[in-house]
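The values are calculated or read from the model by the stated rules, or taken from the named source; none is laboratory data. Predicted model only: the values in this text are computed from it and were never measured. A quick note on method: Cβ atoms are made from the backbone with ideal geometry, for glycine too, and the neighbour counts reach across all protein chains shown.
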């Protein structure tokens, strides 16, 4: 009963007395479903890994579908990465659930809301298989228009190893979407090569166990090998692929913020940030990508609009504000990339943004290096004494505030030196 105990007080008199759910972070409309847990049988000791249940919506006659899943925090983080890079309507809204054990938060699973109108790729492929066989090329055209490229590109970027016909499908807007991220991030250490990017969806250097044209464990979801190979000859498919790959390399820091917002112990962002750095290097070796950037300068407007929709979803859910996209910064980064492609220059590698703790350590090291190099040393220096005692100025925010108030100080000089602290 460890899961129910966080939502219902466990007493002899009233076994499931409602109390305030102890969720450290939540999506409001998911928060409301906790009152339905007893109705859907969560009191049963025999529970499955995934539990599906319905809740009537105030603004719709159709009940909404939700899932509770016993999965690690990584899946929550990856779900929100897909929402960032694909779009808020193209990956399920997902939130972690915790209980408090001896004063400590203990993660127990995730809640996710089913995507409106979801149908698996396997399902509608079977339904249309005869038509696809009779009308050659129609599958390519329809799937390209449904933005197949976005799902494939982002799934590769995020190291997906389980993209079978059930884990992706379409929503009510007839767009391809992703669900089930239990195996996303597994293959982040596989190289992203020019060969695979140019031949997507056919991949040879990237070796996922399940991919759209092969599925080892669910034979009924499999179509003929290389059946999708010709889709990459369509200009729309190729342009969409380049757009989503560009979108992926515009905002690496946000991956860290999302990880911090939705996980306590897991850190999925480090290998993914490294992967995005490698992706950027690979893309700039591909003439077709650079040509796309030069000929489609307006693509940033489309990307900005998609990020704005994502920001709106964060606000609508009262989500963490540091997981929102800085649109102005995105446009600046795109301009840098555009200019580099136009002038045929090498893009300078961006430095990995420092965490506050690392930044403070670097400042402390730089400060004492500066202090020890000075001929006249003030042993009663305010900052020196504070850093030695570790009692007063212990964060970069406090250091910057001090420097702003004392612009003739050594602290101010160190912060504004060539060390770029």
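Under the condition of being closer than 19 Å to residue 339 by Cα and either in contact with a strand residue (DSSP E or B) (Cβ under 8 Å, 6 or more places away or on another chain) or part of a helix (DSSP H, G or I) (or both), the residues counted in region 279-318 number 20. The residues on offer are 249, 258, 303, and the sole one that is touching a residue at least 24 places away in the same chain (Cβ under 8 Å) and under 30 Å from residue 108 (Cβ atoms) is 258.
Against the conditions (1) touching a helix residue (DSSP H, G or I) at 6+ places or on another chain (Cβ under 9 Å); (2) modelled with pLDDT of 90 or more, residue 251 satisfies every one except (2). Return yes or no: is residue 241 in contact with a helix residue (DSSP H, G or I) (Cβ under 9 Å, 6 or more places away or on another chain) and either surrounded by fewer than 16 Cβ atoms within 10 Å (Cβ to Cβ) or more than 16 Å from residue 158 (Cα to Cα) (or both)? For residue 241, the condition - in contact with a helix residue (DSSP H, G or I) (Cβ under 9 Å, 6 or more places away or on another chain) and either surrounded by fewer than 16 Cβ atoms within 10 Å (Cβ to Cβ) or more than 16 Å from residue 158 (Cα to Cα) (or both) - is not met.
Residue-by-condition table, conditions (1) assigned to a helix (DSSP H, G or I); (2) at pLDDT below 85; (3) under 23 Å from residue 307 (Cα atoms):
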{"residue": "325", "(1), (2), (3)": "no, no, yes"}
{"residue": "379", "(1), (2), (3)": "no, yes, no"}
{"residue": "393", "(1), (2), (3)": "no, yes, no"}
{"residue": "408", "(1), (2), (3)": "no, yes, no"}
{"residue": "413", "(1), (2), (3)": "yes, yes, no"}
{"residue": "420", "(1), (2), (3)": "no, yes, no"}
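Restricting attention to region 255-268 and to residues that are surrounded by fewer than 21 Cβ atoms within 10 Å (Cβ to Cβ) and closer than 27 Å to residue 89 by Cβ, the residue that is modelled with the lowest pLDDT turns out to be 266.
Conditions (1) buried (at least 18 other Cβ atoms within 10 Å of the Cβ); (2) within 23 Å of residue 76 (Cβ to Cβ); (3) touching a helix residue (DSSP H, G or I) at 6+ places or on another chain (Cβ under 8 Å), marked per residue:
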site: 135; (1), (2), (3): no, no, no
site: 149; (1), (2), (3): yes, no, yes
site: 156; (1), (2), (3): yes, yes, yes
site: 193; (1), (2), (3): no, no, yes
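Do we have residue 90 as modelled with pLDDT of 85 or more and part of a loop (DSSP other than H, G, I, E, B) here? Yes: the conditions hold for residue 90. Are there any pairs with C-beta distances below 7 angstrom linking a residue in region 102-121 that is free of Cβ contacts under 8 Å to residues at least 24 places away in the same chain to a residue that is surrounded by fewer than 21 Cβ atoms within 10 Å (Cβ to Cβ), with the two at least 6 apart or on different chains, and if so which? Qualifying pairs under 7 Å: 106/98; 106/99. Considering region 114-131, the residues that are in a loop (DSSP other than H, G, I, E, B) and within 22 Å of the chain's Cα centre (by Cα) include one that is modelled with the lowest pLDDT, namely 114. If the condition is being in contact with a strand residue (DSSP E or B) (Cβ under 8 Å, 6 or more places away or on another chain) and on the phi < 0 side of the Ramachandran plot, then region 136-159 contributes 143, 146, 148, 150, 151, 154, 155. Taking the criterion of being closer than 25 Å to residue 270 by Cα and in contact with a helix residue (DSSP H, G or I) (Cβ under 6 Å, 6 or more places away or on another chain), the only residue of region 159-168 that qualifies is 163. Which of the following residues is buried (at least 20 other Cβ atoms within 10 Å of the Cβ) and more than 16 Å from residue 176 (Cβ to Cβ): 86, 111? Exactly one of 86, 111 is buried (at least 20 other Cβ atoms within 10 Å of the Cβ) and more than 16 Å from residue 176 (Cβ to Cβ), namely 111.
The residues listed here are 137, 169, 150; of these, the one that is more than 17 Å from residue 87 (Cα to Cα) and assigned by TED's automatic domain parsing to the domain that holds residue 277 is 137. Taking first residues from region 395-408 that are not assigned by TED's automatic domain parsing to the domain that holds residue 382 and partners that are crowded, with 18+ Cβ neighbours inside 10 Å, no Cβ contact under 7 Å between residues at least 6 apart in sequence or on separate chains turns up. Exactly one residue among 84, 110 is within 29 Å of residue 254 (Cα to Cα), touching a helix residue (DSSP H, G or I) at 6+ places or on another chain (Cβ under 7 Å) and in a strand (DSSP E or B), and that residue is 110. Residue 196 meets each of the listed conditions (1) at pLDDT 90 or above; (2) under 19 Å from the mean Cα position of the chain (by Cα); (3) not in a strand (DSSP E or B) apart from (2).
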